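See structure below.
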Amino acid sequence: MTPLISLEEALARVLESAARLGSETVPLDEAHGRVLAAQVVARRSAPSADVSAMDGYAVRAADVAVAPTTLDLIGTAPAGHQFAGTLRPGTAVRIFTGGVLPDGADAVVIQEDTVREGARVTIREAAVAERHIRRAGADFRAGAIVLPAGRRIGARDVALIAAADHGTVEVARRPRVGLIATGDELVAPGQGAGPHQVVASNVYSVAALVRGAGGEPRDLGLVPDRLDLTEAAVRAALASDLDVLVTLGGASVGDHDLVAPALAAQGVHLGVHKVALRPGKPLMFGRSGTVRVLGLPGNPVSTYVCALLFLVPLLRALQGEAGVPALPLQPAELDAELRANDQRMDFMRAEIVGQGAHGPKVRPLPVQDSAFLSVLARADALLVRRPHAPAGRAGEPCEIVRLTD
């Protein structure tokens, strides 16, 4: 019998293959969710000049150290336009948010603290030097690194890249991921499956995880339980431009589990086969040239959990994403009694029911069957039970993987 390897060892073997893919330059409006392949350097400072942070009046603080004080209005500085003159003692310039501060001004008095009468304005509150002014470069300066390579670009990052004056950005190429589902029992959704058939759901959950991790999923179809057809599907996939081939089902040792022999026939050496993991023990991983091959078990919960634990970290690593742990464990607190665990690392579907001293309070859902998708959809987290963990009590610390997709 092939011995089970630990989850940590299996994950390390998977990630050993994850040399970063190439890069491409994309328009900024297509950059959200991509991973930066190079650092972003500001092409200009922000603000690019000293500007007003409020609508009001640009003044010399010395002129309005005591209020009320009346000043002569000598011009206007709206955003996008600059007052050409210099602020002299006893004068003010009407200024708007983003307007460039006139020469000689060192404070802005907000509009609400003033009364305007024609060409004069009365300041009702004493001004303080530097009040309501954004100095040039206060946000960032030209030449500064505003975002590092390896960062996945969020909506806020898109705004920062634009402000740094970049209309395009260099990002990691999306990993191309082929998905093959095997099994005589499988039919596509909406086709009127018979009582002896199963609606193929795994392709959809894994494709969603691939997209969420920045990959490009390709559905390569449903393959019946025939060795020749399975070999042909694998052969075609390995000859394509895929970075990762994912097989769904057929990963165990039954008479109809044909993926392992099909992979072997195509020269794929399995560096991982059978992991001390629940759900997902039959997981496989190997390589053929530049194609990484991940064989996931067919039960839908097992498929999802294994894709989350192995495929998502692999895709992030292929894009060079930095700062994301391969196994994203978070501290939590048990809200139930648990039996002692066996030799497999267990990922129990659980709900978060409150906040405790050690983190979110988590309670395992009453049914843990690896075929029950309604339970998986209801779960907020996977409650992690280490191999040979002793019985657990409510209030004790534990670990979880948050389900945020």
Could we say that R292 is charged (D, E, K, R), in contact with a strand residue (DSSP E or B) (Cβ under 8 Å, 6 or more places away or on another chain), in a strand (DSSP E or B) and open to solvent by 60 Å² or more (accessible area, probe 1.4 Å) here?
no
So if I check each of A144, A127, which one is small (G, A, S) and open to solvent by 30 Å² or more (accessible area, probe 1.4 Å)?
A144
A careful count of residues in region 15-30 that are modelled with pLDDT of 95 or more, farther than 17 Å from A149 by Cα and hydroxyl-bearing (S, T, Y) gives 0
Conditions (1) in contact with a strand residue (DSSP E or B) (Cβ under 7 Å, 6 or more places away or on another chain); (2) exposed (fewer than 15 other Cβ atoms within 10 Å of the Cβ); (3) modelled with pLDDT of 95 or more; (4) in a loop (DSSP other than H, G, I, E, B); number of the one not met by A138:
(1)
Within region 341-379, of all residues that are in contact with a helix residue (DSSP H, G or I) (Cβ under 9 Å, 6 or more places away or on another chain) and β-branched (V, I, T), the one farthest from A276 (Cα to Cα) is V375
Residues in region 50-82 that are of a type in the set (S, T, N, Q), open to solvent by 40 Å² or more (accessible area, probe 1.4 Å) and modelled with pLDDT of 95 or more total 2
Name the one entry in T247, T230 that is part of a helix (DSSP H, G or I) and in contact (Cβ under 8 Å) with a residue 40 or more places away in the chain.
T230
Counted residues in region 314-361 being assigned to a strand (DSSP E or B), in contact with a Leu (Cβ under 7 Å, 6 or more places away or on another chain), among the aliphatic types (A, V, I, L, M) and open to solvent by 20 Å² or more (accessible area, probe 1.4 Å) come to 1
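Among A149, A144, A193, which is the only one that is among the small types (G, A, S), over 26 Å from D50 (Cβ atoms) and either at pLDDT 95 or above or in contact with a His (Cβ under 7 Å, 6 or more places away or on another chain) (or both)?
One residue alone meets the criteria, A149.
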Neighbours by Cβ (under 7 Å, 6+ apart or cross-chain): first from region 158-173, at pLDDT 95 or above; second part of a loop (DSSP other than H, G, I, E, B) and open to solvent by 50 Å² or more (accessible area, probe 1.4 Å)
V158/H32; A164/R43; D165/R43; D165/R44; H166/R43; A172/R20
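The values are calculated or read from the model by the stated rules, or taken from the named source; none is laboratory data. Please read these numbers as outputs of a predicted model, since none were measured by experiment. Methodologically, a virtual Cβ is constructed for each residue, glycine included, from the backbone with ideal geometry; neighbour enumeration extends over all protein chains shown. We work out accessible area using only protein heavy atoms, side chains counted, and drop any ligands, DNA or RNA first. Shrake-Rupley method; radii C 1.70, N 1.55, O 1.52, S 1.80 Å.
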